[in-house]
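Peer 1: Here it is, the structure, as structure tokens.
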Amino acid sequence: NQIKVGGEYRSYDIFWDQKQFYNATPFGETYNHLPKYANLYAQHKLEYNDIIINAGLRFDYLASRVTYFKPRIDQQSAIVSDQFESTPKSQISPRLGVSHPVAENTILRFNYGYFFQPPKFWTMFINTQGEVNSRYPLVGNPDLRPEKTIAYELGLNHALASDLTLDVTAYFKDIENLIASR
């Protein structure tokens, strides 16, 4: 029996001051944001003669804490901006790993888990004032959802000799909320 518990807390102070002077309509932006990120986890490992089980649970939390503008096009094809407040994002992620020797030199293993990946801050905070008439019309989204990955893996390890191993692995990964531009 082995039990692990832990956590992490990050408080960022992001200051950005950029000016673009190499075109006819320069773009400049200054911001200071204070996002927070935290996680907690618990893991329980059970080792028996013929099986090892690793089970865990993780909680992730991200708060960008920003008021921002989201540009949209109305019926008259004019660009208008609506103001929004970002909401905190969180996820509970189960994890399970099982390893089982099926013969003297062969091990069968299985892993399953959910994973949480916060977006890069520049994709969240760039041009949150919604200035789309400049030569740099990208607008960030402080309310981006983190990438969510669900992964399965099934593998077989077989020792052919003392210095030669055969490893066969089948896996499946489903990734949601990938970041894109439009």
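The values are calculated or read from the model by the stated rules, or taken from the named source; none is laboratory data. Because the structure is predicted, anything quoted here is derived from the model rather than measured. Don't worry about glycine lacking a Cβ; one is built from the backbone with ideal geometry, like all the others, and counts go over all protein chains shown. Surface accessibility is based on the protein's heavy atoms, side chains included, excluding ligands, DNA and RNA. Shrake-Rupley method; radii C 1.70, N 1.55, O 1.52, S 1.80 Å.
Peer 1: May I ask you to list the residues in the stretch 157-175 that are open to solvent by less than 70 Å² (accessible area, probe 1.4 Å) and either within 25 Å of THR123 (Cα to Cα) or in contact (Cβ under 8 Å) with a residue 40 or more places away in the chain (or both)?
Peer 2: Our first condition is that a residue be open to solvent by less than 70 Å² (accessible area, probe 1.4 Å); within the stretch 157-175, this holds for 157-159, 161, 169-170, 174.
The answer is ASN157, HIS158, ALA159, ASP174.
Peer 1: Taking only the stretch 55-65 into account, find how many residues are at pLDDT 95 or above and open to solvent by 50 Å² or more (accessible area, probe 1.4 Å).
Peer 2: Of the residues in that region, 4 qualify.
Peer 1: Another question, then. Being part of a strand (DSSP E or B) and surrounded by fewer than 11 Cβ atoms within 10 Å (Cβ to Cβ) is the filter; apply it to the stretch 16-40 and report the residue that is modelled with the lowest pLDDT.
Peer 2: Within the stretch 16-40, the subset part of a strand (DSSP E or B) is 16-19, 28-33, 36-40.
Filter once more, so that each one left must be surrounded by fewer than 11 Cβ atoms within 10 Å (Cβ to Cβ): 17, 19, 30, 32.
Values: ASP17: 81, LYS19: 72, THR30: 80, ASN32: 87.
Top of the filtered list is LYS19.
Peer 1: Quick check on my filter: what residues within the stretch 1-15 are among the hydrophobic types (A, V, I, L, M, F, W, C) and surrounded by fewer than 11 Cβ atoms within 10 Å (Cβ to Cβ)? Spell out the reasoning first.
Peer 2: Residues of the stretch 1-15 that are among the hydrophobic types (A, V, I, L, M, F, W, C), as a first pass: 3, 5, 14-15.
Selection gives ILE3, VAL5, PHE15.
Peer 1: For the structure I just gave you, tell me whether THR128 is at pLDDT 90 or above and either open to solvent by 70 Å² or more (accessible area, probe 1.4 Å) or on the phi < 0 side of the Ramachandran plot (or both). Walk me through it before giving the result.
Peer 2: Details: at pLDDT 90 or above: no; either open to solvent by 70 Å² or more (accessible area, probe 1.4 Å) or on the phi < 0 side of the Ramachandran plot (or both): yes.
Spelling it out, it is not the case that THR128 is at pLDDT 90 or above and either open to solvent by 70 Å² or more (accessible area, probe 1.4 Å) or on the phi < 0 side of the Ramachandran plot (or both).
Peer 1: Starting from the stretch 102-117, take each residue that is over 26 Å from ILE179 (Cβ atoms) and list its partners that are at pLDDT 95 or above and open to solvent by 80 Å² or more (accessible area, probe 1.4 Å), counting only C-beta distances under 6 angstrom and pairs at least six apart or across chains.
Peer 2: PHE110/LEU154
Peer 1: Limited to the stretch 139-155, what total is found for residues that are out of contact with any Lys or Arg (no Cβ under 7 Å at 6 or more places or on another chain) and modelled with pLDDT under 95?
Peer 2: Final tally of qualifying residues: 8.
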